[in-house]
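The values are calculated or read from the model by the stated rules, or taken from the named source; none is laboratory data. All values reported here derive from a predicted model rather than from experimental measurement. We place every Cβ from the backbone using ideal geometry, glycine too, and count neighbours over all the protein chains shown. Please note that ligands, DNA and RNA were not included when accessible areas were found on the heavy atoms of the full protein model with its side chains. Shrake-Rupley method; radii C 1.70, N 1.55, O 1.52, S 1.80 Å.
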Amino acid sequence: MLRNPNRQKEEFSYAYIHAVASHAGFFCEKRVPDINSVDATLRSDHPLMLGSSRHAEIDLQLKATAIHDFEGERLSFPLPIKNYNELRGDRAAPILLIVFVLPADLSDWLEHS
């Protein structure tokens, strides 16, 4: 079992994104190490539209927190300036920041049967 809470959040975030991407018919590639604030890339193996040869690709920056800092429906999340600048930079592929808000108790992260 992982003992580093931040590492556990990182792995849980990637596992969740991988499951959602797989369900939607996309491939999920984990970046190790992450470079330029990219933790994972989603890709399609099929064109975006009929008659097109363009495939979808989007980079992801994954963050996870157990601190719930909501203002109404808005989440306030402190992001290091390095990551912020890399996310807003001019990029060939779009990048999306995904923040996972997890319960404080690790045992509440996942239920299955």
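Under the rule of at least 5 residues apart or a separate chain, name every residue whose amide H is placed under 5 Å from the amide H of ARG31. So ARG31 has HN proximity to ALA40, THR41. Shown are PHE70, PHE77, whose ranking by accessible area with a 1.4 Å probe and every protein chain present, most to least, is PHE70, PHE77. Within the chain, antiparallel bridges make up roughly 65 percent of the DSSP beta bridges whose residues both belong there.
To one decimal place, what Kirkwood hydrodynamic radius in Å is obtained for the chain from all pairs of distinct Cα atoms? It would help to have the intermediate numbers written out before the result.
Values: mean 1/r = 0.0634 Å⁻¹.
One decimal place: 15.8 Å for the Kirkwood radius.
For the chain, the longest principal axis of the C-alpha atoms and the axis of helix 5-24 are separated by about 40°.
Report the charge-dipole magnitude of the chain in Debye, nearest 20, computed about the Cα centre from +1 at each Lys and Arg Cβ and -1 at each Asp and Glu Cβ.
Working: 12 positive and 16 negative charges, 64 e Å.
In debye, rounded to 20, the chain gives about 300.
Taking θ as phi - 60° and the Karplus parameters 6.51, -1.76 and 1.60, the scalar couplings of segment 76-84 work out to 9, 10, x, 10, x, 4, 4, 5, 4 Hz in sequence order, x denoting glycine and proline. 3J(HN,Hα) couplings calculated from phi for segment 52-66 with the Karplus curve 6.51 cos²θ - 1.76 cosθ + 1.60 (θ = phi - 60°) are, in sequence order, 9, 10, 7, 10, 7, 8, 9, 8, 10, 9, 9, 10, 9, 8, 9 Hz; Gly and Pro show x.
Secondary-structure-derived ellipticity at 222 nm for the chain, considering helices only, amounts to -8000 deg cm²/dmol, per-run term -39500 (n - 2.57) for DSSP H runs with n ≥ 4.
In the context of the full set of protein chains, segment 66-113 has a per residue accessible area of 83 Å² (1.4 Å probe).
Can you pull the percent of the chain's accessible area that's carbon plus sulfur, 1.4 Å probe, other chains left in place? Display every interim value, and only then the final one.
Details: 4580 of 8280 Å².
Of all accessible area on the chain, carbon and sulfur atoms account for 55 percent.
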